[in-house]
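Have a look at the structure below before the remarks.
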Amino acid sequence: MGWACQSAADYYQPQALSPEDARRASEIRSAKARVDWRVSRALLQHLRAASPAPTPHALSLSHSGGHALCAQAPVDWAIGADLERMRPRDLDALAAWVCSGAEQAWLRQADAPLRQVRFYLLWTLKEAFIKAAGLDFPADMASVGLTPQPSGALALRPPPGRWQAACWQLGDEWVAAAAWRAAAGEQARITWRAAVGCDLPTRQFLGQWEGSAG
């Protein structure tokens, strides 16, 4: 897992972009989008430079509020990642849009600060599945996520196949999630790396799950 803060933008190398990314960069108009682009591509460039050449990888990149997250896995894995900055929103309305009935009930059981963390846990996990499994956004958001159990545990509700997922709170403001389907017989070993010019935030582990669906 790679992390980048706004300082990573100072190490962005436009000359290292692929032709497709160079075209996309030229079409960015807003200042906010340009910062997000520079930070996320600087992180991607840092991770690629740190990988043993010419090892290919499966990558999933996410950015939010001038910060970026990148999940890196073996090329034959399915991988998705999402990063969100926690901010005040109409959580009930959003949950009715993207969460199952059981997930909505789980959110309502929590007080306001915990409800916000739980909501972003669910949102980032769902987005990670959308990316990893090639699902439709927002149509498929409610079909994946977590199912609260009577014991208080949370069961993974993945797309078809055997999946694993994990979620973290990063510092006070951020929530990140990754979802992956490993190749047969392989196990994930999660490590974190910060881009040049950035420090890793404190990480609070919110959970890791495994499950399958037909």
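Taking the range 141-191 as the region of interest, none of the strands (runs of 3 or more DSSP E) fully inside it holds 1 or more residues being surrounded by 20 or more Cβ atoms within 10 Å (Cβ to Cβ), touching a His at 6+ places or on another chain (Cβ under 6 Å) and charged (D, E, K, R).
Selection of first residues in the range 126-141 that are over 14 Å from P158 (Cβ atoms) and of second residues that are open to solvent by 50 Å² or more (accessible area, probe 1.4 Å), restricted to Cβ pairs under 8 Å at least 6 apart or on distinct chains, gives the following pairs, ordered by first then second residue: P138/W97.
One residue is enough: does the range 97-106 have a residue meeting the conditions part of a loop (DSSP other than H, G, I, E, B), of a type in the set (D, E, K, R) and at pLDDT 95 or above? No, every residue in the range 97-106 fails to be part of a loop (DSSP other than H, G, I, E, B), of a type in the set (D, E, K, R) and at pLDDT 95 or above.
Residues checked against (1) in contact (Cβ under 8 Å) with a residue 40 or more places away in the chain; (2) open to solvent by less than 30 Å² (accessible area, probe 1.4 Å):
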| position | (1), (2) |
| --- | --- |
| A33 | no, no |
| A49 | no, no |
| S60 | yes, yes |
| S64 | yes, yes |
| I79 | yes, yes |
| R89 | no, no |
| Q116 | no, no |
| F119 | no, yes |
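The values are calculated or read from the model by the stated rules, or taken from the named source; none is laboratory data. Quantities reported herein were computed from a predicted structural model and do not represent experimental measurements. Here the Cβ is made from the backbone with ideal geometry for all residues, glycine too, and neighbour counts use every protein chain on show. Heavy atoms of the whole protein, side chains included, go into the accessibility calculation; ligands, DNA and RNA do not. Shrake-Rupley method; radii C 1.70, N 1.55, O 1.52, S 1.80 Å.
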